[in-house]
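To start, the structure under review is shown below, and the notes come after it.
We did not get these values from a lab; they are worked out from the coordinates using the rules stated. Predicted model only: the values in this text are computed from it and were never measured. Because the Cβ atoms are built from the backbone with ideal geometry, glycine has one as well, and the counts that use them run over all protein chains shown.
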Amino acid sequence: MSMNTARAGAGENSPVTADHEPEIVAPRSGDRPLQSVCDPGPAAGERRCGSCGQLLTDPPTGLIERWHWDEIAAEEVARARGNGHSVALIMLDLDRFKDVNDNYGHLAGDAVLRGVADVIRENTRDGDLACRYGGSAGDEFMVLLPRSGLEEALAVAERIRAEITAMSVTAKVTREMSASIEGQTVSIGVATYCLGDLAELDLEDLMLDADVSLRAAKRHGRDRICVANVDVTSEQSQGSQADRRLASWSRFRRLRSV
């Protein structure tokens, strides 16, 4: 059996970033009231729901099945509001993941998804809620971090980003040949709410803000982290690269709304 090594999504036009400081975007998504859901009960820890028999885990990754994640995550947001805790959401999208499926096959793509799920599990706590988003073909992931503020969420996001980039996944691409798939990158959007936000906003708002940040990360070069709901102003110093980024996102905030 031979072994090939490939850079995931590599090509002449692949962007190269000099650093990975988080960029800032700060639109708000609305002020709908929080809607809680019924506690899913002990079945949430089982593979299948005791009442409907539906899978509670995503078969390729072993993470929480998306629709049950919606219920559990909404309940966790409601609990955070009741207890006065902050809550954060990390939304991840694998960069150019279609290239993996096209070049190495869908079984290799599944192997990469499992590798990403392992990275997420290794870098989150018991009680954090992770799912694969987007259905059977999805290469997006969401991680809800109860009792976490921006600093904690950014630390988790950066560990995940760095470990996915360093990941090497070996997968069969034909019956006779395997490939080692390396260099996969990920774009990440982060949104955090404190108690004052939670009084007005619900899980859907949190998801929308994280998604806006994720789209900004994709537009501005991929392999980076963008943050929603951070107060940025045009009074930031222009001295450093980070300051210039903050000022740029302040202009973005004035020009764009969700």
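Some points to look at:
- Other residues with beta-carbon under 9 Å from the beta-carbon of Ala117 carry, at +1 per Lys or Arg and -1 per Asp or Glu, a net charge of +1.
- The spread of Cα positions in region 73-228, taken along each principal axis and listed from longest to shortest, comes to 57, 32, 25 Å.
- Amide H contacts for Thr170 (H built 1.01 Å from N in the peptide plane; partners 5 or more residues away or on another chain; cut-off under 5 Å): Ile181.
- Applying 1/(1 + (r/R0)^6) with r as the Cβ-Cβ distance of Arg175 and Arg66 and R0 = 35 angstrom yields a FRET efficiency of 0.60.
- Label-to-label distance, nm, for residues given as Glu152 and Asp118 (7 Å Cα→Cβ offset): 2.7
- Per-pair calculated FRET efficiency, R0 = 30 Å: Ala166 and Arg79 via Cβ, rounded to 0.05: 0.30
- Residue-count net charge about Leu144 - beta-carbon cut-off 9 Å; Lys, Arg +1, Asp, Glu -1: -2
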